[in-house]
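Each reported figure results from applying straightforward, stated rules to the coordinates on display, with no laboratory input. Computed from a predicted structure; not experimentally measured. Virtual Cβ from ideal backbone geometry, glycine too; neighbours counted across all protein chains shown.
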Amino acid sequence: EADIYQTPRYLVIGTGKKITLECSQTMGHDKMYWYQQDPGMELHLIHYSYGVNSTEKGDLSSESTVSRIRTEHFPLTLESARPSHTSQYLCASSDLFPQGGNTEAFFGQGTRLTVV
Amino acid sequence: DAKTTQPPSMDCAEGRAANLPCNHSTISGNEYVYWYRQIHSQGPQYIIHGLKNNETNEMASLIITEDRKSSTLILPHATLRDTAVYYCIVRLQYNFNKFYFGSGTKLNVKP
């Protein structure tokens, strides 16, 4: 079992609200990622981080922002939610310098966001 | 990272082996083949990865052709719980960037 947790699992919120999706991992991984996935569609990388105080934008443009103040925590924030932000958001983590060749990423269960 | 091509869907009878193919004809010499699966409404789960030798673990086997342009994931005894979307990904082992997930193969395991 992977030790990476996302909260909430489901969120329905009104347009214009500020929201923060939480992601925490207890594996001590340096790298963390946020992906966005629409139903039945591909995962698209929207943000990633190499470690504390490092954040980078992914391939898919997103109005969300992220922060990495602690190694284990990588929250994603939408300042003003819109219906176009409705999607599933997946958080993942992996070792930056993996020992023993364990280079795979571990994913959280995801947050399904609906903006009405 | 090299792109991959997978069939959109496959059916398999419960208890039989499921063989999921993947083409990665543009793979470079230092890129690995990774397999993940995603069960409905959950995050992707790592299955196996390899470079050029065949690999086996408790979940599956990975067969990579000698020219490395294609591979096959084998689930030896598929169960109903193996119904999921399976993603084949090609990437550098220490790619400090991203995992590129294509559209994957939807495996339907039927009783």
Seminar exercise, completed: Within the stretch B:7-27, of all residues that are crowded, with 16+ Cβ neighbours inside 10 Å and aliphatic (A, V, I, L, M), the one nearest to B:Asn108 (Cα to Cα) is B:Met10
For this session: Just name the residue that is farthest from the other protein chains (Cβ to nearest Cβ) out of those in the stretch B:7-44 that are in contact with a Phe, Trp or Tyr (Cβ under 6 Å, 6 or more places away or on another chain) and within 18 Å of A:Phe107 (Cβ to Cβ).
Result: B:Arg37
Exercise. If you scan the stretch B:45-63, which residues turn out to be β-branched (Val, Ile, Thr) and away from chain A (no Cβ under 14 Å)?
Worked result: B:Thr56, B:Ile63
Exercise. Got a sec? Which of B:Ile48, B:Ile74, B:Ile39, B:Ile64 is in contact (Cβ under 8 Å) with a residue 24 or more places away in the chain and under 30 Å from A:Thr55 (Cβ atoms)?
Worked result: B:Ile39
Exercise. Counting residues that are crowded, with 17+ Cβ neighbours inside 10 Å, touching a Cys at 6+ places or on another chain (Cβ under 9 Å) and touching a residue at least 60 places away in the same chain (Cβ under 8 Å), which strands (runs of 3 or more DSSP E) fully inside the stretch A:17-116 reach at least 1?
Worked result: A:19-25, A:31-37, A:87-94, A:111-115
For this session: Would you mind telling me which numbered condition in (1) surrounded by 16 or more Cβ atoms within 10 Å (Cβ to Cβ); (2) more than 24 Å from B:Pro111 (Cβ to Cβ) B:Ile74 fails?
Result: (2)
Problem set entry | Tally, over the stretch A:18-69, of residues that are in contact with a His (Cβ under 8 Å, 6 or more places away or on another chain) and of a type outside the set (Val, Ile, Thr) | 16
For this session: Within the stretch B:55-70, identify whether any single residue is over 11 Å from the mean Cα position of the chain (by Cα) and of a type in the set (Gly, Ala, Ser), and answer yes or no.
Result: no
